[in-house]
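**Student:** Sharing a structure, written as structure tokens. Questions coming.
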Amino acid sequence: MLFNSYEFLFLFLPVTVGLFFLLGRRGTGPALGWLIAASLFFYAWWRPLNVLIMAPSVALNYLLARLLLRYLQENRPRIVRVLLIAGIAFNIAFLGYFKYANFLTGVTDDVFGTRFVLERIILPLGISFITFQKIGFLVDVAGGRVRSFTLRDYLLFVMFFPQLIAGPIVHFREVMPQFERASCRFDGLNVALGSTLFFAGLFKKTVLADGIAPF
């Protein structure tokens with residue numbers, strides 16, 4: 001679902017924002033929980049299977065982060081280091097499989113005359129951004145820059161739809177304090193500022209960038 005598509009502009013975004021403010025009346029928890037659900041729907045829009053493909057990686061990184069936090073608090077740096085290296089290696093291997101398995105198989109067949117059969121692998125949407133964001137999260141936890149987090153915090157950080165498929169890659173300590181300070185209730189000034197930024201970006205994309213692209 002592209003940000004300049006009719007589905008996003010006239011269906012997904014109004015429903016997501018409207019329910020966010022509505023649930024925000026009951027507290028921050030329900031509103032942020034809704035953002036996670038909306039982000040999963042956003043990610044599944046193009047290919048629902050993507051959610052199932054990414055789920056094991058997201059879950060494993062969460063468990064690794066919890067272990068890193070535990071052993072860091074117990075002052076066991078050697079275990080922290082081993083877990084961090086294992087986490088980084090897993091994420092790189094996970095990304096590498098989807099991005100380069102077909103390429104490497106083709107190269108091997110061409111060079112050595114082999115006939116390896118590998119079904120065409122469809123690259124999950126935004127896998128690079130999601131993977132490097134998870135690596136950054138593990139590094140921050142191992143470095144003591146993230147001292148506590150919940151499953152809700154983690155899922156919101158990893159899956160938040162505005163930066164899910166196109167970045168930028170951000171740090172947990174930069175983003176989550178903003179969510180914690182958010183009232184999750186309608187604020188005319190914030191809506192006006194946000195709308196201005198959004199429509200300025202939409203103009204740059206649909207009028208300037210798409211207009212210049214053919215030339």
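The values are calculated or read from the model by the stated rules, or taken from the named source; none is laboratory data. Keep in mind the model is a prediction, meaning the values are calculated, not measured. Note: ideal-geometry Cβ built from the backbone for every residue, glycine included; neighbour counts use all protein chains shown. When the accessible area is computed, the model is the full protein with side chains, heavy atoms only, and any ligands, DNA or RNA have been set aside. Shrake-Rupley method; radii C 1.70, N 1.55, O 1.52, S 1.80 Å.
**Student:** Out of Thr206, Thr196, I need the residue that is at negative phi and without any contact (Cβ under 8 Å) to a residue 40 or more places away in the chain. Which one?
**Tutor:** Residue meeting the stated conditions: Thr196.
**Student:** Out of the residues in region 119-129 that are open to solvent by less than 70 Å² (accessible area, probe 1.4 Å) and not in a helix (DSSP H, G or I), which is modelled with the highest pLDDT?
**Tutor:** Gly126
**Student:** Another question about this same structure. On the basis of being open to solvent by 50 Å² or more (accessible area, probe 1.4 Å), closer than 21 Å to Thr28 by Cα, of a type outside the set (S, T, N, Q) and at pLDDT 85 or above, does Arg152 make the cut?
**Tutor:** Answer is yes for this residue.
**Student:** Quick one: how many residues across region 165-202 are under 24 Å from Leu125 (Cα atoms) and surrounded by 11 or more Cβ atoms within 10 Å (Cβ to Cβ)?
**Tutor:** 12
**Student:** Moving to a separate point now. Report yes if Pro77 is of a type outside the set (Phe, Trp, Tyr), surrounded by fewer than 16 Cβ atoms within 10 Å (Cβ to Cβ), out of contact with any strand residue (DSSP E or B) (no Cβ under 7 Å at 6 or more places or on another chain) and within 21 Å of Tyr97 (Cα to Cα), otherwise no.
**Tutor:** Taking the combined requirement at face value, the residue does not satisfy it.
**Student:** Would you call Asp210 within 25 Å of Gly24 (Cβ to Cβ), of a type in the set (Asp, Glu) and over 21 Å from the mean Cα position of the chain (by Cα)?
**Tutor:** It is false that Asp210 is within 25 Å of Gly24 (Cβ to Cβ), of a type in the set (Asp, Glu) and over 21 Å from the mean Cα position of the chain (by Cα).
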